[in-house]
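The values are calculated or read from the model by the stated rules, or taken from the named source; none is laboratory data. Computed from a prediction, not measured in an experiment: that's the story for all the values here. Here the Cβ positions follow ideal geometry from the backbone for every residue, glycine too, while neighbour counts run over all protein chains shown. Note: accessible area is taken over every heavy atom of the protein model, side chains too, but ligands, DNA and RNA are not part of it. Shrake-Rupley method; radii C 1.70, N 1.55, O 1.52, S 1.80 Å.
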Amino acid sequence: MTKAVGTEAVSKLTQDPHSVREEREKILEVAIGREVRAYRKQQNITVAELSKLTDLSIGMLSKIENGNTSPSLTTLQTLANALSVPLTAFFKGYEERRQAVHTKSGRGVEIERAGTRAGHQYKLLGHIGSNSSGVIVEPYLIQLDSESDVFKTFQHDGIEMIYMLEGKIDYRHGAEMYPLEPGDTLFFDADAPHGPERLVQLPARYLSIISYPREK
């Protein structure tokens, strides 16, 4: 049975996909100051109270938070102890990097996945390993042509989304069968057995995006 996405499900989403976060700080002192201020405010501590906890003057703390001075490691360690955060937390805004992978048309890396058969083409469109989200995302372009044979279903950790580009297939997920044609999307728990079971109209192409937690 096909489940449609309705307004009720969408209304429960809390993250704004159009929100803009502040850019990575380019000046180390400014980055440190912003982190110190953020952690202080998180704990509802005033500058005067932090001054008493650290024996640093209010003037010095103001200079640090405004990025107008370069605090020593001893001073930063004192602040870290007072705010109960690791010393490295103050460098997060400066060191944080964002990665992007641009793959030109037809340039995806062809790979073999467990269960792949002759005539099944898998192209990995991009990959980012270690990242701050703790999530690995693998986007594939999958093509099934006239020589493809039906294969055993896949089963793995994570969440998967399929977006149909060309052709028609009947895609199995667990005990359910979903007829997919261009423009259709299937979003599912990848722990259940799944895969294209009936190739209705070939060639068939679809995007498969798999996400799963990075191993610690």
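Quick notes
- Yes/no for residue 113 being open to solvent by 100 Å² or more (accessible area, probe 1.4 Å) and modelled with pLDDT under 65: no
- Per the conditions (1) open to solvent by 30 Å² or more (accessible area, probe 1.4 Å); (2) modelled with pLDDT of 90 or more, the sole criterion not satisfied by residue 65 is (1).
- Annotation note: of 89, 9, the sole residue that is open to solvent by 40 Å² or more (accessible area, probe 1.4 Å), of a type outside the set (S, T, N, Q) and modelled with pLDDT under 90 is 9.
This table checks each residue for (1) exposed (fewer than 14 other Cβ atoms within 10 Å of the Cβ); (2) in contact (Cβ under 8 Å) with a residue 40 or more places away in the chain; (3) in contact with a Ser or Thr (Cβ under 9 Å, 6 or more places away or on another chain).
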{"position": "172", "(1), (2), (3)": "no, no, yes"}
{"position": "189", "(1), (2), (3)": "yes, no, no"}
{"position": "201", "(1), (2), (3)": "yes, no, no"}
{"position": "207", "(1), (2), (3)": "no, yes, no"}
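- The condition (being open to solvent by less than 40 Å² (accessible area, probe 1.4 Å) and either among the β-branched types (Val, Ile, Thr) or modelled with pLDDT of 90 or more (or both)) is satisfied by just one residue among 53, 79: 79.
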